[in-house]
Amino acid sequence: MTLRLFTRKKAGHQARRNGRVPVHPSLETQSAKYQPAPYESVEDDKIKRNFQQGRFAMILRDEQKWGAYSGGGEVIGNAKRELEQRMALVPAGTIAIAQTLSAAPGSAEEEIAVEPFLLDVHTVTHARYQKFVDAGGYDALEYWPEEIWPHLIELKDLTGQPGPRLWRQARHDSRLADHPVVGVSWYEAQAYALWIGQRLPSEVEWEMAASWHLNNSTDMMRRFPWGDAMDKKRCNIWSSRAGGTIPVGEYSHGAAPNHVLQLVGNVWEWTDTEFAVTDDYGGPVVGEMPMYVVRGGAFDTYFEAQATSHFRTGQIALARAQNTGFRCAMDLSEASWINGS
């Protein structure tokens, strides 16, 4: 059930034009003003509306129910084709996760087996996240853990509307529609993933996708999705000089073998794993607030050693950084277009 905990001012159809608009760094060199994304008309039919909103996995979770609707079979088929194009299979493997903060050579590691799973080819864009905002996602309590409910009113944009931190009047800048959404906390990323019927990848799943450490005789682990040597022409980090985020479909030559893009660079990516490490003496490193692992580096990552398949760090779960986004995952057992169900 969608409940409204708080009263908010309704967003207008145009962003305010007075004064300089503090926008994402990738727009700092552009002279044009902030261009709010237009409002879209919404389908009345529920299954068609779910498809329009990109909730393809949610449709397939109730495939039997929707199949009884008029035209439901066609929508279900289209949802399967969308997911087949948007997601890639990551095979089984084994990942070694450093257990200490320094992750120095020879320090403690935990070896973890990773089952096959599906991962989005692209990080979630502003345009995709806009559908969640427009659908009232910030007021749908079923997608938010109870401990975050009192903080929902704080998850606002620059104009006090619910949405990512850098938006205005609950609208993204249309010039960034195909860029990764940023300025979202771990809770916002998780809520979106649940809303579309998917989930955030775990830390080991993310590293498996980026390192391609398969269970075979080669025992090869890539330092980067494309190989073992840093190449700033294959990713968007500080030395690439892009100066901000880029569209999620760029840098195809830096993709993983299964064509998943931008696992390194552009934005740090939230995972579903709490950041738990020890110091070099085995003592737990504890923060004042819950932290979750972020991976991959971003457009402003200066040290190339941080933009690799195995570098790990964490952020406070409520952090809404301008260089952090996310992508979604799915259990292989739920992929009916693969399993033939």
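Nothing in this text is a laboratory measurement; each read-out follows from the coordinates by a stated rule. All values derive from a computational prediction rather than experimental measurement. Note: ideal-geometry Cβ built from the backbone for every residue, glycine included; neighbour counts use all protein chains shown.
Points worth noting:
- For a straight C-alpha distance cut-off of 14 angstrom, the aspartates and glutamates reachable from Lys233 (same-chain residues fewer than eight places away being disregarded) are Glu250, Glu304.
- In terms of surrounding Cβ atoms within a 10 Å radius of their Cβ, Phe299, Phe275 rank from fewest to most as Phe275, Phe299.
- FRET efficiency for Glu288 and Ser333, using Cβ-Cβ distance with R0 set to 41 Å, rounded to 0.05: 0.60
- Surrounding net charge for Gly296, when Lys and Arg each add one and Asp and Glu each subtract one, Cβ distance under 14 Å: -1
- Working from the Cα coordinates of the stretch 132-253, the gyration tensor eigenvalues give, after taking √(5λ), semi-axes of 33, 21, 11 Å in decreasing order.
- Percent RCO, i.e. relative contact order, over the stretch 89-341, from Cα pairs under 8 Å lying at least 6 residues apart: 24
- Near Thr273, the amide H atoms lying under 5 Å from its own belong to Glu203, Val293; only residues 5 or more places off or on other chains count, and H is placed 1.01 Å from N.
- Counting beta carbons within 10 Å around each of Met330, Met289, Met208 and listing the fewest first gives the order Met289, Met330, Met208.
- Cα convex hull of the stretch 89-341 - mean projected area over all directions, nm²: 14.5
- Distances between placed amide hydrogens fall under 5 Å for Gly297 paired with Gly265, Glu269, all partners being 5 or more residues away or on another chain.
- Sorting Val75, Val294 from the fewest to the most surrounding beta carbons within 10 angstrom yields Val75, Val294.
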